[in-house]
Amino acid sequence: MSKEFADVHNLIASIAQHYRYPPPPKLLVTLQEALTALMRAILDLIASLLSVVPGQTDTQAVSNFIRMLLYAMGLIGALLFIWVLWMRLSELGKQAHLAKGGGTPSLAPLTAQAWQEQALALSQARKWKDACRALLLASIRLLDEKEVVPFVATRTNFEYWYALASKDQLRSEFRRIADTVDFCWFGKYEAGEQDFTNCKMSFEAIKLVLDQQSNDSAAQH
């Protein structure tokens, strides 16, 4: 070998023998051992399920099984996400349609008192679905009249519920009415007298809370 390219193998070997590698962090070692043990346990379990002859493991079959399992989990997750997104958009669309009138003849922005009277008239005619919806609109108008949530024709039930985030009692009562109306108008559920009674109780609770707040505000002034 030329002087230009001297043989340094012995020198490298000598240095390597005296080199001291810093030990890895104990936490990292523990984590690696735990992961290795977990993977070994999983592979042993899968191997025991796939093995035809005891003591023999088809590693290719195990690999294919894990790959297919991951694909299946990914597909299920994607389908679940799409389903949740579709349900959410569908709900918002239905609520927006309901807020704009829902196909009922009366589209005028009546007062809360007028909607309540209309709800009672509809209940006397045993039109429970329309009566429940009238109470929902009475609640929406009442929130506007009491300057809690401004009335917006295109606002969805969910947006009204979200706007009541700081008012727990109003929020829960409004949600009961809105859920009943959604089930009756957009599902296969047929509204009944008990549904109207529940909605009426929730509306009266909303009205009572708002009246108390108005009285408290007037007393402070």
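The values are calculated or read from the model by the stated rules, or taken from the named source; none is laboratory data. From a predicted model like this one, the values you see are computed outputs, not experimental measurements. Every residue, glycine as well, gets a Cβ built from its backbone with ideal geometry; the counts of neighbours run over all protein chains shown.
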**Residue that is surrounded by the fewest Cβ atoms within 10 Å (Cβ to Cβ) [pool: residues in the stretch 182-208 that are touching a helix residue (DSSP H, G or I) at 6+ places or on another chain (Cβ under 8 Å) and at pLDDT below 90]** = Glu190
**Asked** Across the stretch 179-194, what is the total count of residues that are of a type in the set (D, E, K, R), in a helix (DSSP H, G or I) and farther than 16 Å from Leu137 by Cβ?
**Response** 1
**Asked** Is there any pair with a first residue in the stretch 168-191 that is in the same structural domain as Ala205 (by TED's automatic domain parsing) and a second that is in a loop (DSSP other than H, G, I, E, B) and at pLDDT below 85 whose Cβ atoms are under 6 Å apart and which are 6 or more apart or on different chains, and what are they?
**Response** Phe183/Tyr189
**Request:** Could you please let me know if Arg141 is outside any helix (DSSP H, G or I), modelled with pLDDT of 80 or more and not aliphatic (A, V, I, L, M)?
**Result:** no
**Request:** Give just the number: which of (1) exposed (fewer than 13 other Cβ atoms within 10 Å of the Cβ); (2) modelled with pLDDT under 85; (3) within 22 Å of Lys127 (Cβ to Cβ) does Ser217 not satisfy?
**Result:** (3)
